[in-house]
Amino acid sequence: MSLFHSRKYLVKVVCLICLAAFGAADALLAAAEGERDRVPTNFEIIERVSSAAADELAAGIDSIPANSIVLLSKTKGAGDADFLLENALVRRMTSAGIRVTIEEPKQAGSAADTSGGYRFSYHVVRLKIAYPKISRKWLLGSKEVARSAQADIAARLIDRRTGEVVWVGESHTGYGDTIGYGKLASVEDQQYEFTRPPRDELKLSRLLEPIAVSGIVIGLVYLFFSNQGSD
């Protein structure tokens with residue numbers, strides 16, 4: 001084999017090794033990340049922000065005398081995840097020694113409730129999880145997904161006997177992290193649609209990825225043939 005052909009073969013092998021090494025390194029890094037502590041599921045994240053929201057509303061809850069009967073009333077909801085916030089509020093109140101009942105939807109024109117105790121009414125402005133960004137670590141690297149959860153709640157405490165507003169408050173809590181794209185199947189729950197937010201990947205940067213990858217390949221081919229020409 002001539003020196004010319006030997007150098008041709010060497011350049012080709014080096015190019016292939018570089019591409020293979022890059023892919024292997026990315027795979028190893030992804031595997032290492034997968035072996036770290038288990039990431040919370042989307043359901044668990046909404047539970048967390050719901051519990052944090054209930055804790056932020058503690059000023060209103062703690063102003064209720066122990067052993068009081070509280071009517072928990074949702075004046076407006078944000079979606080199917082609302083029950084997690086309701087559960088968090090019930091847990092927070094019962095742990096403080098408060099007896100809780102859940103208000104059922106009333107028919108239009110029903111008479112106002114003037115019985116004793118308190119009404120804790122809450123308005124769910126926002127309670128959701130989203131994927132604000134899906135991208136790659138590097139140009140040819142594995143995909144990553146940014147997760148963001150929000151809980152925005154407005155609440156008021158009302159004396160049911162007099163109708164007096166005893167307390168008003170708001171809660172704004174959030175959560176954010178980044179996980180590997182391959183973990184989406186394990187963090188989403190097919191039973192609950194609110195754990196499966198839209199995956200908005202049709203952005204300009206995503207459309208440019210194949211062009212960038214093609215550019216790298218063309219560059220390697222160019223280096224290969226330019227090396228041949230120099231020989």
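The values are calculated or read from the model by the stated rules, or taken from the named source; none is laboratory data. Small disclaimer: the values here were computed from a predicted structure and weren't measured. All Cβ positions, even for glycine, are placed from backbone atoms using ideal geometry, and neighbour counts span all protein chains on display.
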TODO: Considering every residue within segment 176-198, establish whether at least one is free of Cβ contacts under 8 Å to residues at least 40 places away in the same chain and over 25 Å from Ser51 (Cα atoms).
DONE: no
Open item on the list: Val168 - would you say it is modelled with pLDDT of 95 or more and surrounded by 15 or more Cβ atoms within 10 Å (Cβ to Cβ)?
Closed with: no
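Do you know which residues across segment 147-170 are farther than 24 Å from Arg196 by Cα and either in a strand (DSSP E or B) or not assigned by TED's automatic domain parsing to the domain that holds Glu188 (or both)?
Our first condition is that a residue be farther than 24 Å from Arg196 by Cα; within segment 147-170, this holds for 154-170.
Ala154, Ala155, Arg156, Leu157, Ile158, Asp159, Val165, Val166, Trp167, Val168, Gly169, Glu170, listed by residue number.
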TODO: Select from segment 48-63 the residues that are closer than 18 Å to Thr101 by Cβ and surrounded by fewer than 21 Cβ atoms within 10 Å (Cβ to Cβ) and list them in ascending order.
DONE: Gly60
TODO: Please determine, by comparing only the residues of segment 26-47 that are part of a helix (DSSP H, G or I) and modelled with pLDDT of 95 or more, which one is surrounded by the fewest Cβ atoms within 10 Å (Cβ to Cβ).
DONE: Glu44
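Just the residues that are of a type in the set (Lys, Arg) and touching a Phe, Trp or Tyr at 6+ places or on another chain (Cβ under 7 Å), please, taken from segment 150-202.
The first filter runs over segment 150-202 and keeps only residues of a type in the set (Lys, Arg), leaving 156, 160-161, 183, 196, 199.
Scanning segment 150-202 gives Arg156, Arg160, Arg199.
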